[in-house]
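Readers should treat all values here as calculations from the given coordinates under stated rules, not as data from a laboratory. As the structure is a computational prediction, the values presented were derived from the model and not from experiment. Glycine gets a Cβ as well: all are built from the backbone with ideal geometry, and neighbour counts include every protein chain shown.
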Amino acid sequence: MSAPIIMLHVKMEEIEVKILDVNRAEVKKKLIELGAEKVFDGELSASYFDFPDMSIRKSKGLLRLRTEGEKIILNFKERISDEKVKIRKEHEVEVSSFETTKTILEKLGFPQWLEFKKRRISYKLGTVKIEFDKYLDAYDFIPEFLEIEATNEEDIFKYAKILGFKEEDCSTKGFLAIADFYKKKLS
């Protein structure tokens, strides 16, 4: 008999932007000078699920199962805004088995519609998270980018400026829009 799924319930609001086409060495140097602490360096894998009619996506939600190092997290995101910053309300549970949770989702009528892997290097500077993401495998054509996550819009733009970026450099694009953007650049 396999171990039961362990759930830890967390609710939060995610506020973030992406900055495309960054030079990691330059940004990393600034982060080190500012005293940022590296908190993660590893691979993430993400699988997205929805009803066959894609009604979760149509209602501006996302259902995701993700591994982050040793952690496995089931997450539901609700879109709040994509104006200046990307704001999502998140509902998360940590589970003990990726495969068991994936099977449960599929048995409940949520087929997987997207899957990808990326390498993430995360830094923390106070309450602000600064992350370098590089997609792997089928999406490795997408250049490494930066994500800044904070508890408010002001801190996001403050740290973007400190790191050498302007507000106009900050994007609220999601994965599919970023993939489409770079596919068009390659054409």
Full-stretch length increase - Lys134, Glu106 - with 0.36 nm per residue and alpha-carbon distance subtracted: 7.3 nm
Relative contact order of the chain (C-alpha contacts under 8 Å, at least 6 apart) in percent is 29 percent
Going by alpha carbons, how many degrees (0 to 90, nearest 10) lie between the helix axis of 153-162 and the longest principal axis of the chain? 50 degrees
Long pairs among Lys84/Lys166; Lys28/Lys134; Lys58/Lys118; Lys18/Lys117; Lys18/Lys166; Lys58/Lys185, criterion Cα-Cα beyond 20 Å: Lys58/Lys118; Lys58/Lys185
Nearest 10 degrees, 0 to 90: what angle lies between the long axis of helix 24-34 and the longest principal axis of the chain (Cα atoms)? 80 degrees
Mind pulling the angle between the C-alpha long axis of helix 98-107 and the longest principal axis of the chain? Nearest 10 degrees, somewhere in 0 to 90. 60 degrees
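Could you list Thr127, Thr151 so that the one with the fewest beta carbons within 10 Å of its beta carbon is first and the one with the most is last? Before the final figure, lay out the partial values.
On the way: Thr127 10, Thr151 14.
Ascending number of Cβ neighbours within 10 Å: Thr127, Thr151.
What value, in deg cm²/dmol to 500, does the helix sum -39500 (n - 2.57) over DSSP H runs of n ≥ 4 give at 222 nm once divided by the residues of the chain?
-7000 deg cm²/dmol
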